[in-house]
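One structure is given here, and the rest of the page talks about it.
Every read-out reported here was derived from the displayed coordinates using simple, explicitly stated rules and does not represent laboratory data. Not measured: the values here are computed from a predicted model. Here the Cβ is made from the backbone with ideal geometry for all residues, glycine too, and neighbour counts use every protein chain on show.
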Amino acid sequence: MANVLIVAEQHAGHLRKASLHALSAGRELARRTGGRLAAALLGSGIDAAAAELAAHGVEVHVADAAVLEHPLAEAWAPVVADLARATGSTLVGAAATAVAKDVLPRVAARLEAGMATEVVGFGGEGSDLTFRRPMWAGNVLAEVEITTPVKVFTVRPTEFAAAPREGQGELRRAPVAVDAASLRTRHLGFVEVKSARPELTEARTIVAGGRGTKGDFRPVEALADALGAAVGATRAAVDAGWVPNDWQVGQTGKVVAPELYVAAGISGAIQHLAGMKGSRVIVAVNKDPDAPIFQIADYGLVADLFPALPELQAKLR
Amino acid sequence: MPLKLLVTAKRVEDPESRIQVKPDGTGIVTEGVNYKLNPFDEIAVEEALRLEEQHGGEVVVVSIGGARAVTELRAALAMGADRGIHVRHDGPLDPVVVSALLAKVFEQEKPDLAILGKQSIDDDQNQAGQYLAERLGLGQATFASKHDSLESEAEQKRLPGLAVSADGTRVTVVREVDGGVETLEVRLPAVVTTDLRLNKPRFASLPGIMKAKKKEIREIPAASLGVDLTPKVAVRKLAAPPARKGGVKVADVDELVRKLRDEAKAV
Ligand SMILES: Cc1cc2nc3c(=O)[nH]c(=O)nc-3n(C[C@H](O)[C@H](O)[C@H](O)COP(=O)(O)OP(=O)(O)OC[C@H]3O[C@@H](n4cnc5c(N)ncnc54)[C@H](O)[C@@H]3O)c2cc1C
Ligand SMILES: Nc1ncnc2c1ncn2[C@@H]1O[C@H](COP(=O)(O)O)[C@@H](O)[C@H]1O
């Protein structure tokens, strides 16, 4: 029997939606292994988020301490590892966010565990459990086995439904034995990308721009706003400093799966496709009829984006 | 203060290559595939060279793998790294094993800073640096980036994004996280992993390539380092992901709007 611990995340007092997707993955694992599911929440002043999490019917271990205010991997890893031991959890996972990718490998090292990143599905039961995950920028799906007694993983939120609100889980205080003075890492600051738009990973519609915008994202943003959509970008646009890094979609950026993804001035490199090919409907606007993006787009429009996007915006109204 | 910098150089499939799974699912088709230095490691090497230019010191580059990994070590030496370490290992690897081996090399070399890529573009695990930091009990700053863009003046001048304090005791790192950009200060020695926007790696010059041929590469058999070499993440089977069928080209915006409304019901 393997108990499951899902590490949830909160930001500014609110539970992150990605964590509810990870909770579903945890439920599935508990079912496959016959174990119990518990969740952990770390931070400082996180009661509201913890209550929100518990309302999804899971026992929540709350590690609330000033030293955990910022997600410093060095400080968080021992707390999570101790909790895994205390709850007898041999499966420890989280949504594949920047925080989890930073922290969980350190947790795995402490627990002498192997780890699988960006898991999209599970196979087998009990001791035969396997993890399905993409490799080579999504060109390959691998079925991997983790041979250590404890197994650590992150899941891709788009591949698991959000856990519904059901039942009421218990809230428990988790011990925090981290000495702030011994930490070798210090948080100096955070510059938030402020936006009134929906978050990329949660948006129903995304309008994304690439190098074809030549740095002018106005038509992309205007269409996005008309559709109530989030704005995405390619690495080329981020590297050029045209848009914040937080907008990057792809192998090394965010993985999204909206109902509708409009790609404008984007060639369709495999590293970009890795982040958006799970979208339900893909529209490509590109002036090069041979651009690879057309090979995966449901609807391709060979056109200059500068007149095409405003026209689309006007006609969708 | 001169800095001793340890950087990693993994041999991986060229990101431009077409990757296909063998029909029996045991691996990928390697015929016709080019190999190169992992793009994130290229950025790590570049960053180390910039730090060396600024502070003085030494850049030691390490690769773990079979005989051919020497090619990637030479590529890093041609960019300007000072010497190479080849941890010779012919079997499969995973971040558990890689980090255990790197920890041994770290203990031998005692660098001020280890710079790794944030992920290998073959296994896409994004773990080795974090495992390494925990094994060594060090602080880490993953996904290192910088405020300036790759088109900025600072980038033209090849200034490092990592800021090491004048007394060589701390490094300040700007990192890409969800929702924005975070700044951390980490006490040295430390482990940093690179994101894409940290720098634009230089191309090796012809004299650089010539010089690299004479630079030292020390081979260390992995088995001599006293590390369990069995991967803990075992790949059982590979498969092609479900293919996405391309659809149709539309004649104009009117047709696109009609299709989105009536056919796809997406707006
Ligand atoms: C290790 C690694 C990781 C990477 N990770 C990512 C990632 O996570 N995400 C990502 O996006 N990329 C990533 N990349 C980069 C990727 O390989 C491509 O270089 C990048 O996606 C290209 O961006 P682009 O499509 O905007 O630019 P380009 O490839 O230059 O394409 C621009 C397109 O715009 C079209 N165009 C030009 N003008 C117009 C116009 N007026 N109207 C309409 N169309 C126009 C052109 O026909 C062209 O097709 C990665 C690369 C590497 C090596
Ligand atoms: N075989 C290897 N040799 C040298 N460095 C490696 C090796 N494997 C991984 N690394 C380093 O670890 C980073 C993260 O790798 P991974 O955890 O496999 O995604 C890579 O960018 C490399 O810098």
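Please go through the range B:60-98 and pick out each residue that is within 14 Å of chain A (Cβ to nearest Cβ), within 8 Å of ligand 2 (Cβ to nearest atom) and not β-branched (Val, Ile, Thr).
Residues satisfying the conditions are B:Leu93, B:Asp94, B:Pro95.
Within the range B:161-212, track down each residue that is among the charged types (D, E, K, R) and either away from ligand 2 (no atom under 16 Å from the Cβ) or more than 8 Å from every other protein chain (Cβ to nearest Cβ) (or both).
B:Asp167, B:Arg170, B:Arg175, B:Asp178, B:Glu182, B:Glu185, B:Arg187, B:Lys200, B:Arg202, B:Lys211
Does any residue in the range B:122-146 that is β-branched (Val, Ile, Thr) come within less than 8 Å, Cβ to Cβ, of a residue that is near ligand 2 (Cβ under 8 Å from one of its atoms) and assigned to a strand (DSSP E or B) six or more places away or on a different chain, and which pairs are these?
Within 8 Å, the pairs are B:Thr142/B:Thr193.
Condition first: of a type in the set (Val, Ile, Thr) and over 16 Å from B:Glu107 (Cα atoms). Now tell me which residues in the range B:210-227 satisfy that. Write out each step before concluding.
First, pick out the residues of the range B:210-227 that are of a type in the set (Val, Ile, Thr): B:217, B:220, B:227.
B:Ile217, the sole residue that qualifies.
May I ask you to list the residues in the range A:285-310 that are more than 10 Å from ligand 1 (Cβ to nearest atom), more than 19 Å from A:Gly275 (Cβ to Cβ) and in a helix (DSSP H, G or I)?
Answer for the range A:285-310, where residues must be more than 10 Å from ligand 1 (Cβ to nearest atom), more than 19 Å from A:Gly275 (Cβ to Cβ) and in a helix (DSSP H, G or I): just A:Pro310.
Residues that are more than 20 Å from the chain's Cα centre (by Cα): list the strands (runs of 3 or more DSSP E) wholly contained in the range B:175-238 that include at least 1 such residues.
B:180-187, B:217-221
Regarding A:Gly241, is this residue more than 9 Å from ligand 1 (Cβ to nearest atom) and more than 8 Å from chain B (Cβ to nearest Cβ)? Give the derivation first.
On the way: more than 9 Å from ligand 1 (Cβ to nearest atom): yes; more than 8 Å from chain B (Cβ to nearest Cβ): no.
Answer is no for this residue.
Here are some conditions: (1) of a type in the set (Gly, Ala, Ser); (2) loosely packed, with under 15 Cβ neighbours inside 10 Å; (3) at the interface with chain B (Cβ under 7 Å from one of its Cβ atoms). A:Gly124 meets all but one. Which one does it not meet?
Here A:Gly124 meets the rest and fails (3).
Criterion first (within 7 Å of chain B (Cβ to nearest Cβ) and either closer than 24 Å to A:Val255 by Cα or touching a Gly at 6+ places or on another chain (Cβ under 9 Å) (or both)) does A:Arg110 satisfy it?
No: the conditions fail for A:Arg110.
Looking only at the range B:143-159, filter to residues that are away from ligand 1 (no atom under 16 Å from the Cβ) and of a type in the set (S, T, N, Q); which one of those is surrounded by the most Cβ atoms within 10 Å (Cβ to Cβ)? Spell out how you get there, then give the answer.
Keep residues of the range B:143-159 that are away from ligand 1 (no atom under 16 Å from the Cβ), which gives B:146-148, B:152-159.
When the remaining residues are screened for being of a type in the set (S, T, N, Q), the result is B:152, B:156.
Working: B:Ser152: 14, B:Gln156: 11.
That would be B:Ser152.
Do we find that A:Ala269 is surrounded by fewer than 24 Cβ atoms within 10 Å (Cβ to Cβ) and free of Cβ contacts under 8 Å to residues at least 12 places away in the same chain in this structure?
No: the conditions fail for A:Ala269.
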